[in-house]
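K.L.:
Here it is: the structure, laid out below.
The values are calculated or read from the model by the stated rules, or taken from the named source; none is laboratory data. What you are looking at is a predicted structure, and each value in this text was computed from that prediction instead of being measured. No Cβ is skipped: glycine too gets one built from the backbone with ideal geometry, and neighbour counts run over all protein chains shown.
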Amino acid sequence: MPVGALMRPSDKSAFSQVKTFTRFFVHTDILSAMWFCKPLLVFLLSSLIATAACKPRVQTPASAGFSPSKLGTVERNVTYGRTSGANLKMDIYYPRKASGPVPVAVYVHGGAWAVGDKTWVTAPLDIGELIDRGYMLCAIDYRLAPRYKFPAQIEDVKCAIRFLRANASKYGIDPTRIGAWGESAGGHLVALLGVTDSSAGLEGSGGYADQSSRVQAVVDMFGPSDLTSLPGQSQLLEQVFGTSNPESEALKRASPVAYVSKDDPPFLILHGEMDDVIPLSQSQILYDRLVSAGVPATLVVVKNSGHVFVPVGGPITPTHAELTKMVADFFDSYLK
């Protein structure tokens, strides 16, 4: 089946090719989330080896805010906020080339809102693709459940965006060109980030209150979008949101579909057709709401794919390499 046949775009002209990769997860409880980490760790190791082996030449920036010596390097454990006794950290991956202020892609990890960290950035995408294209990548940690209940997670994600804007000159970034991507629980958080502004009351108190937390592009990889209709996840919902009652205001408040409006940024949504953890319907309803509101959106259904793009019954289509390319092309369309 042609790759293009797998797309349901509201604006195909936004980018010309269907290509990207991703992996991650939401699980029914913390133990099951940790169980799923075993195969992921194997993939992470292979991804790290491949990334280390690929060292393209760098291009010196003409007017970036950072030293040319930082091109292609990683600055780890940068504190982007402080809240509830926690220091919030991010890793900054500098682009391999720059000719001025650079666009930023912020990564938010999955893991059922309960496990995982910023080092998982090498799993959902071949980050070398974005680094080579001149993006600064910022992979963030956020407070995890059950110790920290929602909205702590989205408050931290929004704080990270505000931090980057407040420090745009220091890091040589363009504060008007910030995108975000995440998978599973991280997909939910970047979707919520994309459709909310300060009026939603989810900004938190991490700092930089004078800055906006809005982003200009979102890549949501198989994240839940309507928590009031998420089957088989009662225990997880209790741990993270304090309730599993579909009529509760808490679950409605945490659902991206509740906030969609015409001023939202463009969305690229990727989801496996055979995902039995987060049903494809979760991405379909978000896509439908976005299109109805007039927001540029594309839903890519990955054939033969379960959760985290695990093959089911045959090779996945688009391939991982094609999915990686698609995400990079999408960001190029809206952040360059």
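K.L.:
Only one residue in 246, 296 is more than 13 Å from residue 222 (Cα to Cα), more than 17 Å from the chain's Cα centre (by Cα) and buried (at least 17 other Cβ atoms within 10 Å of the Cβ). Which one?
P.N.:
Going through 246, 296 in turn, the sole match is 296.
K.L.:
Report yes if residue 107 is farther than 20 Å from residue 218 by Cβ and crowded, with 24+ Cβ neighbours inside 10 Å, otherwise no.
P.N.:
Judged against the criteria, residue 107 is not a match.
K.L.:
A follow-up question, please. Taking residue 126 as the residue in question, decide whether it is acidic (Asp, Glu) and more than 17 Å from residue 88 (Cα to Cα).
P.N.:
Here the answer is yes, as residue 126 does meet what is asked.
K.L.:
Looking only at the range 255-276, count how many residues are assigned to a loop (DSSP other than H, G, I, E, B), more than 17 Å from the chain's Cα centre (by Cα) and either among the charged types (D, E, K, R) or farther than 20 Å from residue 317 by Cβ (or both).
P.N.:
Of the residues in that region, 8 qualify.
K.L.:
Every residue in the range 316-336 that is among the polar types (S, T, N, Q), within 30 Å of residue 98 (Cα to Cα) and not in a helix (DSSP H, G or I), please.
P.N.:
319
K.L.:
Out of curiosity, is residue 113 under 27 Å from residue 235 (Cβ atoms), aromatic (Phe, Trp, Tyr) and assigned to a loop (DSSP other than H, G, I, E, B)?
P.N.:
Here the answer is yes, as residue 113 does meet what is asked.
K.L.:
Identify all residues within the range 302-315 that are crowded, with 22+ Cβ neighbours inside 10 Å and outside any helix (DSSP H, G or I); write none if there are none.
P.N.:
302, 305
K.L.:
Same structure, new question: Working only within the range 154-203, note down all residues that are closer than 27 Å to residue 126 by Cβ, of a type in the set (Gly, Ala, Ser) and in a helix (DSSP H, G or I).
P.N.:
160, 168, 185, 186, 187, 191, 194
K.L.:
Could I ask something else about it? Of these, 250, 258, 209, which one is touching a helix residue (DSSP H, G or I) at 6+ places or on another chain (Cβ under 8 Å), free of Cβ contacts under 8 Å to residues at least 60 places away in the same chain and farther than 21 Å from residue 292 by Cβ?
P.N.:
209
K.L.:
Out of 87, 77, report the one residue that is without any contact (Cβ under 8 Å) to a residue 12 or more places away in the chain and either under 18 Å from residue 65 (Cα atoms) or assigned to a strand (DSSP E or B) (or both).
P.N.:
87
K.L.:
Pairs only if they're at least six apart or on different chains, beta carbon under 9 angstrom, first in the range 156-174 and touching a residue at least 40 places away in the same chain (Cβ under 8 Å), second of a type in the set (Gly, Ala, Ser) and in a helix (DSSP H, G or I); list them, first residue then second.
P.N.:
Pairs found: 157/186; 158/198; 174/168.
K.L.:
When the residues of the range 212-243 are narrowed to those that are without any contact (Cβ under 8 Å) to a residue 60 or more places away in the chain and among the polar types (S, T, N, Q), which ends up surrounded by the most Cβ atoms within 10 Å (Cβ to Cβ)?
P.N.:
213
K.L.:
Can you say whether residue 218 is of a type in the set (Val, Ile, Thr), part of a helix (DSSP H, G or I), under 23 Å from residue 287 (Cβ atoms) and modelled with pLDDT of 95 or more, as far as the supplied structure shows?
P.N.:
No; evaluated as a whole, the condition is false for this residue.
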